[in-house]
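Every read-out reported here was derived from the displayed coordinates using simple, explicitly stated rules and does not represent laboratory data. All of these numbers come straight from a predicted model, not from anything done at the bench. Neighbour counts run over all protein chains shown; Cβ positions are idealised from the backbone, glycine included.
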Amino acid sequence: MRKFLVVLDDTRECLNAMRYAAMRANHTGAGVAILSIIPPEEYQHWIGVAEIMREEARDRIEAHFEVFAKWMRDKQGVNPELLIREGEPVIEILDVIRQDPQIGVLVLGAGTDKSGPGPLVTQMSRTSGNLPIPLTVVPGDMSKERLEAIT
């Protein structure tokens, strides 16, 4: 089964990326893999403190994931899988794509700030010509109704 890979983070635009991935998966009979990445700088402390911070980050991610997963299951009939990685976001995304041949599309949400679409969209766009799968960038301010219309 083909899967949409979507990145779960603390940005507002993440919501539209999740919605898009779930709706497309529902309409095409695909799955959704949700990837959350813990940046390395979040746990560069003493060993004991780093372990506690790593565990707290995982707990936060799992709680955030459950909100999206419940919506996907209840409203879209899609049961997403959660992947948690630690490291540099672009490297981890590419690694997940290489490891799972069922991942067919990477979905990212674009920020609406004047500074641009956000660091992840910017970095992934630079490498999009060499990606083994298509990259879909969902506008962060697109309405739910418009998302439903295009999926």
* In whole Å, how far is the Cα centre of the stretch 68-88 from that of the stretch 111-147? -> 19
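Between residue 135 and residue 51, what FRET efficiency follows from the Cβ-Cβ distance if R0 is 30 Å, with the result rounded to 0.05?
Working: r = 34 Å, r/R0 = 1.15.
In this case the efficiency is close to 0.30.
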* Straight-line reach from residue 144: which lysines have Cα under 19 Å away, leaving out those fewer than 8 places along the same chain? -> 70, 75
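Might you report the magnitude of the Cβ-based charge dipole of the chain about its Cα centre, with Lys and Arg at +1 and Asp and Glu at -1, to the nearest 20 debye? If you can, show how the numbers build up before the last one.
Values: 17 positive and 22 negative charges, 154 e Å.
Computed about the Cα centre, the dipole is about 740 debye.
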* Asked: What residue among 7, 128, 40 has its Cα farthest toward the positive end of the dipole of the stretch 3-150, where the charges are +1 on Lys, Arg and -1 on Asp, Glu, each on the Cβ?
  -> 128
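Report, to two decimal places, the Cα Rg of the stretch 22-124 normalised by 2.2 N^0.38 Å (N = number of residues).
Details: Rg = 15.4 Å, N = 103, 2.2 N^0.38 = 12.8 Å.
For the stretch 22-124, the normalised Cα radius of gyration comes out at 1.20.
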* **For the stretch 89-151, size of Cβ-based charge dipole, Lys and Arg +1, Asp and Glu -1, in debye** => 160
* Would you mind classifying the stretch 110-151 by shape? Square roots of the alpha carbon gyration tensor eigenvalues, ordered a ≥ b ≥ c; an a/c under 1.5 is rounded, otherwise it is prolate if a/b is larger than b/c and oblate if not. => oblate
* Structure fact -> Around residue 118 (Cβ within 15 Å, Cβ-to-Cβ, excluding residue 118; K/R +1, D/E -1) the net charge comes to -2
* Structure fact -> Each label sits 7 Å from Cα toward the beta-carbon; between residue 95 and residue 149 the label points are separated, in nm, by 4.1
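What number, rounded to the nearest 500 deg cm²/dmol, is the helix-based mean residue ellipticity at 222 nm of the chain, given -39500 (n - 2.57) per DSSP H run of at least four residues and division by all its residues?
-14000 deg cm²/dmol
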* Give me the net charge of residue 139's neighbourhood, meaning all other residues with Cβ under 13 Å from the Cβ of residue 139; Lys, Arg count +1, Asp, Glu -1. => +1
* **Rounded to 10°, Cα long-axis angle of helix 14-28 versus longest principal axis of the chain** => 50
